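In what follows, a single structure is set out as structure tokens and then discussed.
The values are calculated or read from the model by the stated rules, or taken from the named source; none is laboratory data. A quick note: this is a predicted structure, and the numbers were derived from the prediction, not measured. We place every Cβ from the backbone using ideal geometry, glycine too, and count neighbours over all the protein chains shown. With ligands, DNA and RNA removed, areas are computed over all heavy atoms of the protein, side chains included. Shrake-Rupley method; radii C 1.70, N 1.55, O 1.52, S 1.80 Å.
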Amino acid sequence: MSSAKDVQGPRARGPEAAPGGGADPEPPPGQGSVPEPPARGRGADPEPPPPGGVLWSLSGDIRALLMLPAALTLQVAHPAVGAGVDEHSVFRTDPWGRGERSLRSLQLWVYGGAEAAEEGRRLRMLHRTIQGTDTRGRRYHALTPANYAWVHATGFPVYQHAARYLIRPMTPAQERALYAEWLQVGRILGIHDRDMPQTVEEFWPYWKKMLAEEIEATTVVRELVDVDQPVPPPDRGPWPLRAVLRALWPVLLPPLAHFRRFATIGLMPPDARAAVGLPWSAEQEKRLRRMCAVLRVVVPVLPERLRYLPRARTARAAHRTAAPHG
């Protein structure tokens with residue numbers, strides 16, 4: 001199990017808090033957003049989550065990478081979001097670039113300091129002209145608050161659930177801390193408080209209502225869990241590695257696609273999984289628990305350069321250097 005020093009923020013004897021950052025770091029077109037907030041000069045920028053908090057400690061943990069596909073799949077299970085991604089996103093033609101940009105954006109929300117608010121403004125500008133018709137024939141716009149709020153909201157239940165497997169179950173205090181910090185991230189993205197439940201207790205009825213009334217297996221959902229979906233070999237990294245991957249890609253892709261589906265469905269909250277109609281067996285559950293048990297032992301003992309993503313490592317080191325020594 002993870003050590004006590006793995007987690008910062010509110011604690012109540014032992015369990016680690018869940019990593020945050022589940023919302024798609026580069027919100028897909030059609031997801032909805034909110035009207036552009038006042039310009040910089042008319043008010044202070046929203047503050048990112050605090051150093052030493054739940055998200056600061058864990059959103060850069062490499063285990064969070066396994067949680068993101070479940071959140072992304074839930075985002076595009078919304079008819080408007082799914083339609084926007086289907087019609088406007090480059091996730092099919094440039095999946096590796098899309099993933100790299102998304103991860104960079106996500107890390108900025110938590111570790112970017114003053115850059116966090118600037119990234120939020122960039123994302124809102126990116127989607128101001130995007131609109132269309134969703135899978136139910138309804139008009140959508142990328143600045144529709146309800147759609148954008150859903151994209152952001154998916155991160156909290158996914159990471160709260162996935163932490164039970166990959167880290168530890170959250171205590172009530174950790175859950176409230178995670179949600180409060182997730183609201184801070186929402187403000188960076190331009191989500192007004194009136195468009196998001198403001199407490200954990202208010203969140204769960206909203207969640208259940210969305211699962212019952214809105215969520216469905218959209219075209220993009222089906223593609224994301226389809227093991228036969230074509231994916232080009234990685235085009236990032238040193239060219240010798242790219243050349244090797246390109247040569248081996250026909251052999252590597254099938255097992256990677258099956259693992260992607262396994263992790264996506266397995267780390268999705270069961271009620272959401274049922275709402276989307278994704279199958280999950282008792283045998284798969286056993287396999288997931290075995291895999292996560294290994295990760296709970298191995299990851300906490302890794303050196304920081306292997307355990308944390310680059311921006312997280314840099315920010316954490318800078319924070320330790322700046323902290324007063326007592």
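The residues of the stretch 116-143 that are open to solvent by 40 Å² or more (accessible area, probe 1.4 Å), closer than 18 Å to Ile215 by Cβ and among the hydroxyl-bearing types (Ser, Thr, Tyr) amount to a single one, Thr135. Residues in the stretch 47-90 that are under 24 Å from Ala162 (Cα atoms), open to solvent by 30 Å² or more (accessible area, probe 1.4 Å) and not in a helix (DSSP H, G or I): Pro50, Pro51, Ile62. For Ala146, the test of being more than 25 Å from Arg236 (Cα to Cα), hydrophobic (A, V, I, L, M, F, W, C), part of a helix (DSSP H, G or I) and open to solvent by less than 60 Å² (accessible area, probe 1.4 Å) is failed. Examine the stretch 247-264 for a residue that is on the phi > 0 side of the Ramachandran plot and small (Gly, Ala, Ser), and state whether such a residue exists. Checked the stretch 247-264: no residue is on the phi > 0 side of the Ramachandran plot and small (Gly, Ala, Ser).
Determine whether Ile265 is in a helix (DSSP H, G or I), touching a Phe, Trp or Tyr at 6+ places or on another chain (Cβ under 8 Å) and β-branched (Val, Ile, Thr).
yes
If you take the residues of the stretch 116-143 that are in a loop (DSSP other than H, G, I, E, B) and among the hydrophobic types (A, V, I, L, M, F, W, C), which of them is nearest to Ala77 (Cα to Cα)? Ranking the qualifying residues of the stretch 116-143, first place goes to Ala142. Check the stretch 247-254 and report whether any residue there is closer than 25 Å to Arg104 by Cβ, assigned to a helix (DSSP H, G or I) and not aromatic (Phe, Trp, Tyr). Yes.
With respect to (1) closer than 25 Å to Arg104 by Cα; (2) free of Cβ contacts under 8 Å to residues at least 24 places away in the same chain, the lone exception for Phe156 is condition (2). Do we find a residue being in contact (Cβ under 8 Å) with a residue 60 or more places away in the chain and open to solvent by less than 40 Å² (accessible area, probe 1.4 Å) anywhere in the stretch 241-252? No; the residues of the stretch 241-252 include none that is in contact (Cβ under 8 Å) with a residue 60 or more places away in the chain and open to solvent by less than 40 Å² (accessible area, probe 1.4 Å).
Here the condition is being in contact (Cβ under 8 Å) with a residue 12 or more places away in the chain, within 15 Å of the chain's Cα centre (by Cα) and farther than 17 Å from Tyr159 by Cα; of Ser105, Ser89, it holds for Ser105 alone.
Please go through the stretch 275-295 and pick out each residue that is free of Cβ contacts under 8 Å to residues at least 60 places away in the same chain and of a type outside the set (Val, Ile, Thr). The answer is Pro279, Trp280, Ser281, Ala282, Glu283, Gln284, Glu285, Lys286, Arg287, Arg290, Met291, Ala293. Being open to solvent by less than 50 Å² (accessible area, probe 1.4 Å) and at pLDDT below 95, is that true of even one residue in the stretch 289-296? There is no residue in the stretch 289-296 that is open to solvent by less than 50 Å² (accessible area, probe 1.4 Å) and at pLDDT below 95. Only one entry of Tyr159, Tyr165, Tyr140 meets the criterion of being under 15 Å from Met268 (Cα atoms), touching a helix residue (DSSP H, G or I) at 6+ places or on another chain (Cβ under 6 Å) and at pLDDT below 90, and that entry is Tyr159.
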